[in-house]
1. Could you list all residues from region 39-68 that are of a type in the set (S, T, N, Q) and surrounded by 10 or more Cβ atoms within 10 Å (Cβ to Cβ)?
2. Could you grab the pairs with beta carbons closer than 9 Å, sequence gap of 6+ or different chains, first residue in region 46-59 and closer than 15 Å to THR31 by Cα, second one of a type outside the set (A, V, I, L, M, F, W, C)?
3. Within the chain, considering only helices (runs of 4 or more DSSP H) that don't extend past its boundaries, which have at least 2 residues that are at pLDDT below 70?
Amino acid sequence: MRRKSRRIDKDIIAEYVEVMTKTIEFETELTGSHTLSIPPEIAAALPSKGKVTIVVFVDMDPEDTAWRKAAYEQFLSDDSEEDAVYDKYR
């Protein structure tokens with residue numbers, strides 16, 4: 001049995017990729033209210049209408065977060081001269 005060719009319009013694919021790959025990350029402070037604050041520069045980058053999906057990651061241990069950040073920074077600072085070729089990919 002021969003399968004039908006299923007061509008997808010390139011404009012539809014481009015629009016799908018553009019919409020599906022936009023991720024904006026920011027940190028905000030929890031204040032005990034039922035509202036999350038969005039920084040003004042982030043709010044300006046959001047579309048004026050439409051739906052968004054919100055994912056909230058809560059740091060339960062601030063020391064763990066600080067340790068991970070310091071470890072990552074140390075990892076990046078220990079690059080040898082031979083690895084300098086990869087610096088453009090950061």
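The values are calculated or read from the model by the stated rules, or taken from the named source; none is laboratory data. Fair warning: this is a prediction, and the values are worked out from it, not measured in the lab. Positions of Cβ are generated from backbone atoms using ideal geometry, with glycine treated the same way; all protein chains shown enter the neighbour counts.
1. THR65
2. Qualifying pairs under 9 Å: ASP59/THR65.
3. Per the criteria, 10-20.
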